[in-house]
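Asks: One structure, pasted below without further comment.
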Amino acid sequence: MIKVKKPKLSFWQIFNMNVGFLGIQYSFGLQQSAINPIFLFLGATEEMLPILNIAGPVTGLIVQPIIGAVSDKTWSPRWGRRKPFFLIGALMGSLCLFFFPLSPALWFAVGLLWILDVGNNMAMEPYRAFVGDKLPESQFSIGYQMQSLFVGAGILLANASIFLFQDWFGGGQEVEGTVPKWLYYSFFIGSFLSIATILWSVLKTPEIPPTDQELAEINKHKALPFADRIKVPFVEIIHAVKEMPKFMWKLSAVYLFQWYALFVYWQYITPLFRVSLGYDTSEAAAQASKMNWAYNVVTAVVALVLVPLTMRFGGKKVYALSLLGTAVALFTVPYIQDPLYVLLPMVLFGIGWAAMMGIPYSMVSKVVPQERRGVYMGILNMMIVIPMGIETLTFGPIFKNLLGGNSVNAMLFAAVFFVIASVLAMRLNVSKAKKEYPLDA
């Protein structure tokens, strides 16, 4: 495969191409902080929360690698390679966010979550490959850490809107089976941002046309019968998994514990505050949003600072230390009974989140070939959703039978998993991986 020499982009060009991540991550911010409270408002029990969140892992497992493989084989002179998927996904997400707080029953909200996750995954997966498409390898770190910055900013805005609207418009007695009106506004803002920010990036950033060789492959794919074209992504995924660098298998072990623990945190931070701070569901949801807001402030601040640190000390050391800091944060949160002081551990959590959202993607982009970057980014995201799927199926019984139905124990369980992830992260070596899997292979 002929390598395309890609020009270096300015800071603001990299900024503009990643603005769309703001809307996607605002939506994910609402999923982290507001979806589970809505389930509780609509009558779900704490034990049900993991299985009600199975939409994210299942849709991610199916949608992301397929979209990655399909977008690798897509090119339109007008719309580009990745952009069509951004736009369709953002439109689906926008509509779902608008209707979510209007859910009349639990089953309706759960159904909307499935559609919302399809849209978010359709938009997010090719966005990861988009950075690798546009930037030379020397700018991968700043490209992915810029995405990390927008991860922090989007989730920050989502969480700030939740606790501010609860403070301004909340209060009064909670009525089971109904979503309080103060939650509506955050979702309506998300509906607007989902499509508006994607349009900004699409209009501001042209895609690099494929080489003649790549275009020949794309046209060859288009000439196939429809049934064969449907099979191609699945065949490509199977082949890519068989030929996957050992580095990615090692990363999958880190992700197993990291993302299982994150899902536990997001599901049980609101129930935790009903225990540790004695709050009702609205107050606990607002406090959980403040926690998520706090760590995303830190993420937005430190995301780009991690670039020179990873260049000096190596990605694996910064990544491993960040995961260990996240574990320390979760070990302390359940035992702090002041609503202000409990925000302090989120400094460590925010550093960890910035590392999780940037460093692994930069590492993988350096060890996989350009022509398969989309499918490998899809497989990387499969490594996120598989642990989440395992969590949704297993943690309900663990929570009930092994942890005594206690959300404090759930948080400590997540902390232990972050410690294990940190240890496993020290096995990641990009230089060695590049020798084992040369890009011109």
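Asks: Once each part is reduced to its C-alpha centroid, what is the distance from segment 367-417 to segment 265-306 in angstrom?
Replies: Each part reduced to its Cα centre gives a spacing of 19 Å.
Asks: I would also like to ask the following. Would you kindly find the accessible area of Glu137, with a 1.4 Å probe and non-protein molecules such as ligands, DNA and RNA excluded, rounding to the nearest 10 Å²?
Replies: Glu137 exposes around 80 Å² with every protein chain in place.
Asks: Taking R0 as 45 Å, what FRET efficiency do you get between Ile238 and Asp280 from their Cβ-Cβ distance, rounded to the nearest 0.05?
Replies: 0.35
Asks: Roughly speaking, to the nearest percent, how much of segment 307-414's 1.4 Å accessible area is carbon and sulfur?
Replies: 70 percent
Asks: For segment 133-215, which whole-number percentage of the solvent-accessible area (1.4 Å probe, protein heavy atoms only) is attributable to carbon and sulfur atoms? Walk me through the numbers on the way to the answer.
Replies: Details: 2330 of 3640 Å².
That fraction is 64 percent.
Asks: Return the FRET efficiency for the residue pair Asp212, Arg78: r is the Cβ-Cβ distance, R0 is 22 Å, and the value is rounded to the nearest 0.05.
Replies: Details: r = 19 Å, r/R0 = 0.88.
Using R0 = 22 Å, I get an efficiency of 0.70.
Asks: Write down the Å³ per residue value for the convex hull defined by the alpha carbon atoms of segment 1-97.
Replies: Looking at segment 1-97, the number lands at 145 Å³ per residue.
Asks: Here's something else I'd like to know. Give me the percent relative contact order of the chain, please, defined on Cα pairs under 8 angstrom at least 6 residues apart.
Replies: Relative contact order comes out at 29 percent.
Asks: Could I ask something else about it? Taking the inverse of the average 1/r across all pairs of different Cα atoms in segment 271-343, what Kirkwood radius in Å do you get?
Replies: 13.9 Å
Asks: Taking all protein chains in place and a 1.4 Å probe, what share, in percent, of the accessible surface of segment 4-92 do carbon and sulfur account for? Working shown, then result.
Replies: Values: 2170 of 3110 Å².
With neighbouring chains kept in place, the figure for segment 4-92 is 70 percent.
Asks: With a 1.4 Å probe and every protein chain left in place, work out the accessible area per residue of segment 325-428 in Å², rounded to a whole number. Present the calculation step by step, with values, prior to reporting the outcome.
Replies: Details: 3410 Å² over 104 residues.
Each residue of segment 325-428 exposes 33 Å² on average to a 1.4 Å probe.
Asks: Rounded to the nearest 10 Å², what accessible area does Leu393 show when all protein chains are kept and the probe is 1.4 Å?
Replies: About 110 Å², ignoring ligands and nucleic acids.
Asks: Keeping every protein chain present and rolling a 1.4 Å probe, give me the accessible area per residue for segment 1-101 in Å².
Replies: On the way: 3790 Å² over 101 residues.
Per residue, segment 1-101 has an accessible area of 38 Å².
Asks: Run lengths n ≥ 4 of DSSP H only: what is the helix-derived mean residue ellipticity at 222 nm for the chain, with -39500 (n - 2.57) per run over all residues, to the nearest 500?
Replies: Rounded to the nearest 500, the figure is -24500 deg cm²/dmol.
Asks: Report which label in (i) 167, 56, 37; (ii) 83, 54, 42; (iii) 65, 43, 40 holds the value of Cα extents along the principal axes in Å derived from the coordinates of this structure.
Replies: Recomputing Cα extents along the principal axes in Å here gives the entry labelled (iii).
Asks: Right, here's the next one. Using a 1.4 angstrom probe, figure out how much accessible area segment 209-314 has per residue, in square angstrom, rounded to the nearest whole.
Replies: Per residue, segment 209-314 has an accessible area of 45 Å².
The values are calculated or read from the model by the stated rules, or taken from the named source; none is laboratory data. All figures in this text were calculated on a predicted structure; none of them were measured in a lab. Reconstructed Cβ throughout: ideal geometry from the backbone, glycine too, with neighbour counts over all protein chains shown. For the accessible areas, the whole protein counts, side chains as well, though only heavy atoms, and no ligand, DNA or RNA atoms are used. Shrake-Rupley method; radii C 1.70, N 1.55, O 1.52, S 1.80 Å.
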